[in-house]
Each structure stands twice: as C-alpha cells, then as structure tokens.
1. Checking the conditions here, which among 347, 340, 301, 330 is of a type outside the set (Lys, Arg), farther than 29 Å from residue 145 by Cβ and touching a Lys or Arg at 6+ places or on another chain (Cβ under 8 Å)?
2. Quick one: how many residues across region 163-193 are closer than 17 Å to residue 41 by Cβ and part of a strand (DSSP E or B)?
3. Give region 80-94 a look and list any residue that's of a type outside the set (S, T, N, Q), surrounded by 18 or more Cβ atoms within 10 Å (Cβ to Cβ) and touching a strand residue (DSSP E or B) at 6+ places or on another chain (Cβ under 9 Å), or say none.
4. Inside region 124-154, can you point out the residues that are touching a residue at least 60 places away in the same chain (Cβ under 8 Å) and among the small types (Gly, Ala, Ser)?
5. Please go through region 189-224 and give me each residue that is among the hydroxyl-bearing types (Ser, Thr, Tyr) and either within 17 Å of the chain's Cα centre (by Cα) or buried (at least 20 other Cβ atoms within 10 Å of the Cβ) (or both), ordered by number.
6. Assess whether residue 76 counts as being open to solvent by 10 Å² or more (accessible area, probe 1.4 Å), within 28 Å of residue 157 (Cα to Cα) and assigned to a helix (DSSP H, G or I).
7. Step by step: first the residues of region 304-341, then only those that are assigned to a strand (DSSP E or B) and among the hydroxyl-bearing types (Ser, Thr, Tyr), then the one that is surrounded by the most Cβ atoms within 10 Å (Cβ to Cβ). Which residue is that?
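The values are calculated or read from the model by the stated rules, or taken from the named source; none is laboratory data. Predicted model only: the values in this text are computed from it and were never measured. Cβ coordinates were reconstructed from backbone atoms using ideal geometry, including for glycine residues, and neighbour counts include every protein chain displayed. Please note that ligands, DNA and RNA were not included when accessible areas were found on the heavy atoms of the full protein model with its side chains. Shrake-Rupley method; radii C 1.70, N 1.55, O 1.52, S 1.80 Å.
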Amino acid sequence: MKSKRLMAMLMAAAAAAALSGCGTLISPDEAEESVQVFAMDTVMICSTYGENSSDAAFASEDEIYRLEALLSRTREDSAVSRINSGDAAAADEEVRALIEKAMEYSQATGGAFDITLAPVSSAWGFTEDAYRVPSQAELDELLTHVGMEHVHLTADGVELDAGTQIDLGAIAKGYASDVVADLYEKWDIPRGLARLGGNIYAKGTRPDGGLWRVGVQDPANPEDSNALVGVLELSDAFAVTSGGYQRYFEDNGKTYHHIIDPATGYPAESGLTSVTVVSDRASGGGTMCDAFSTALFVMGEEKALDFWRTGGYDFDLVLVTQDGRVLVTEGIADAFTLDEGSGYTCETVS
C-alpha cells in the first residue's frame with residue numbers, strides 16, 4: 001500500500017507559491033508581509049500589502065490556528081470532537097452557524113456534500129493516515145449513520161444521532177479563507193493573497209497592477225508542480241479546487257482517493273478528476289466554494305453543470321474530466337488560459 005498524500009500536498013503548495021508570486025511593489029503599498037503556517041493538515045500562506053500588512057498577516061495566522069483548534073476532528077479538545085462525543089453545547093454560535101450552512105449545502109446538492117461521512121473516511125484511513133480498503137459489510141453498517149437527517153440543531157447547540165459523527169474538513173478551509181478575507185477588509189489591505197491548501201482568496205490586484213494568477217493543477221500529474229491544466233487570472237475572488245489527486249493511496253494496483261460518495265461509501269467515480277469553483281464574497285465566498293467543489297466532484301459533469309445552470313447560487317467552474325477535457329463556465333472563460341502543453345482540450349460552457 002502506497003500513500004501519495006504528503007508529496008502531492010507539498011508539490012501543490014510549491015506550485016501555488018510559484019504562480020502567485022508578486023512583482024515589484026508600487027507605492028504607497030510599500031509594506032509587505034507573508035506568513036506561512038501548517039494547519040488543518042495543509043500548508044497555508046497569507047500574503048498582505050499596505051501599511052497594515054503585518055497586522056493583517058499575523059492576525060490571519062492567529063485566526064487560522066484558532067479555527068484549527070475549534071474545527072479539527074483529530075483534536076480531542078476541539079468543538080467538533082466534543083460534539084462527536086455527545087457534548088451538544090460545544091457548538092457555540094460560530095460552529096453552529098457553520099454546521100447550519102453545511103446542512104444548507106447538503107440539501108442544495110442532494111446530499112452530495114455531507115459532513116456526516118466522518119466514520120466512513122476513517123474506515124478508509126484518510127483521517128488517521130492509516131490507509132486500508134474496508135469491507136462492504138463495514139461500509140454498509142457505517143452508511144446507516146450517514147445523512148444530515150442525523151444532525152439536529154437545538155437551542156443548546158448541535159446533537160447527533162447515535163453512531164453519527166461529523167467532520168468539517170471539507171468546508172473548514174473555505175470558512176478560514178472567508179475569515180481571512182474579513183481580516184483583510186478590517187485592516188484595509190489594498191491587495192493580498194491567501195493560499196490555504198487548495199483554497200485561494202485573491203484580494204485586489206498584484207503590485208504590478210496585473211491580476212493574481214492561480215494555477216489549476218493537472219490531476220494526471222500530481223507530483224509535477226509544473227504540470228498545469230491552465231491558469232486563472234482573478235481579483236477579489238475565491239477559487240477552491242477539489243481533486244482525487246490531493247490525497248490518495250494505492251492498494252493492489254488500484255487507486256483510492258479521499259473524496260467519498262455519500263451514496264456508496266466509496267471514493268467517487270464521477271468521470272471528473274478536478275473541480276474548481278470560483279466566486280466572490282457577496283455570492284457565498286470560500287465556504288460555499290469549498291463545499292461545492294467537493295459536492296460537484298461527486299456529482300459528475302452532467303449533474304454539476306445542471307446545478308450551475310439552475311442559478312440558485314452564483315459561481316463559476318473549471319471541470320477537468322478523465323477523458324482529457326477542460327470545461328470552463330462562461331463567467332470566467334476570459335479569465336482562464338489553457339496550458340497548451342497540457343494535452344487537454346478546452347470548452348466554454350453556457
């Protein structure tokens with residue numbers, strides 16, 4: 001059994017750092033600060049510009065660590081762990097609101113996004129880094145406890161049915177990017193970039209006046225930091241990518257990735273290898289993008305595009321398919337440039 005998780009994570013971080021580098025600083029935004037942390041199981045870098053850059057960057061670092069302590073299922077003293085242990089009151093107003101938002105996104109996506117998959121992810125070893133292929137009988141039993149109907153918002157907090165546990169890992173980094181975006185506003189940051197694993201928040205423009213460049217990793221070449229499907233040029237936007245290449249293992253010649261289909265308990269086989277969701281703060285921000293990148297990966301191309309076309313939520317997409325296509329929705333078609341050496345074809349979707 002072979003794990004590719006750490007190498008892929010480090011390569012992705014290196015690629016993000018290379019693509020989102022900045023040019024010469026332009027007055028009056030002469031101050032620059034950048035902090036790098038390892039939190040929520042990933043490398044995170046917050047870069048800020050302007051007179052308050054240091055205050056904003058270090059406040060972002062503090063908030064990221066605070067959110068990790070609050071939301072991490074692997075920390076025994078976190079609010080999530082305490083909720084999973086039956087302490088409903090551990091869900092303060094902030095955690096309760098995030099769980100309520102997760103419930104909304106689960107309903108909107110027909111259950112494709114589901115925070116109650118925690119025991120199933122653990123059965124595959126993705127939470128504990130102890131990879132294994134669970135038996136069908138084990139999965140069948142665990143799936144009886146999966147579903148948002150097992151999560152109850154009460155006046156005292158959040159209650160779970162017996163056997164149900166939650167994991168906010170598929171939404172926590174997106175929420176963290178929203179918190180960082182709020183801090184950038186609070187400290188009057190004219191431009192900045194937050195790279196929280198596969199979650200990007202681009203504020204303003206680069207110091208040279210250009211748009212921030214965010215690479216879309218080639219899912220077929222996760223260990224090559226230079227292997228890109230293409231590049232998005234963004235300003236005042238969130239971009240969140242989910243892909244099976246981000247965390248996976250191999251067993252007996254078969255690859256199993258971490259994005260679980262709540263309907264089957266197995267890694268999703270949807271025909272997609274990567275989903276990037278792009279939106280702004282007013283339309284739902286990083287929290288929404290994070291949830292939908294996971295859900296639409298599970299849904300697959302047709303259902304994902306149908307969901308986008310309904311217009312219930314305002315976002316755009318870059319979908320990468322197993323058969324070598326890149327689908328870009330019309331709202332960001334002009335912002336996306338295909339890497340001509342990638343071997344993919346690109347289609348604009350309307």
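1. On the way: 340 fails: touching a Lys or Arg at 6+ places or on another chain (Cβ under 8 Å); 301 fails: touching a Lys or Arg at 6+ places or on another chain (Cβ under 8 Å); 330 fails: touching a Lys or Arg at 6+ places or on another chain (Cβ under 8 Å).
When all the criteria are applied, what remains is 347.
2. Going through region 163-193 one residue at a time, the tally reaches 0.
3. Those that are of a type outside the set (S, T, N, Q), surrounded by 18 or more Cβ atoms within 10 Å (Cβ to Cβ) and touching a strand residue (DSSP E or B) at 6+ places or on another chain (Cβ under 9 Å): 83, 90, 91.
4. Those that are touching a residue at least 60 places away in the same chain (Cβ under 8 Å) and among the small types (Gly, Ala, Ser): 125, 147.
5. Step one: list which residues in region 189-224 are among the hydroxyl-bearing types (Ser, Thr, Tyr), which gives 201, 205.
201 - this is the single residue of region 189-224 that is among the hydroxyl-bearing types (Ser, Thr, Tyr) and either within 17 Å of the chain's Cα centre (by Cα) or buried (at least 20 other Cβ atoms within 10 Å of the Cβ) (or both).
6. Details: open to solvent by 10 Å² or more (accessible area, probe 1.4 Å): yes; within 28 Å of residue 157 (Cα to Cα): yes; assigned to a helix (DSSP H, G or I): no.
It is false that residue 76 is open to solvent by 10 Å² or more (accessible area, probe 1.4 Å), within 28 Å of residue 157 (Cα to Cα) and assigned to a helix (DSSP H, G or I).
7. Going residue by residue through region 304-341, those that are assigned to a strand (DSSP E or B) are 316-321, 325-329, 336-338.
Imposing the further condition that a residue be among the hydroxyl-bearing types (Ser, Thr, Tyr) reduces the set to 321, 329, 337.
Numbers: 321: 19, 329: 21, 337: 14.
Taking the candidates together, the pick is 329.
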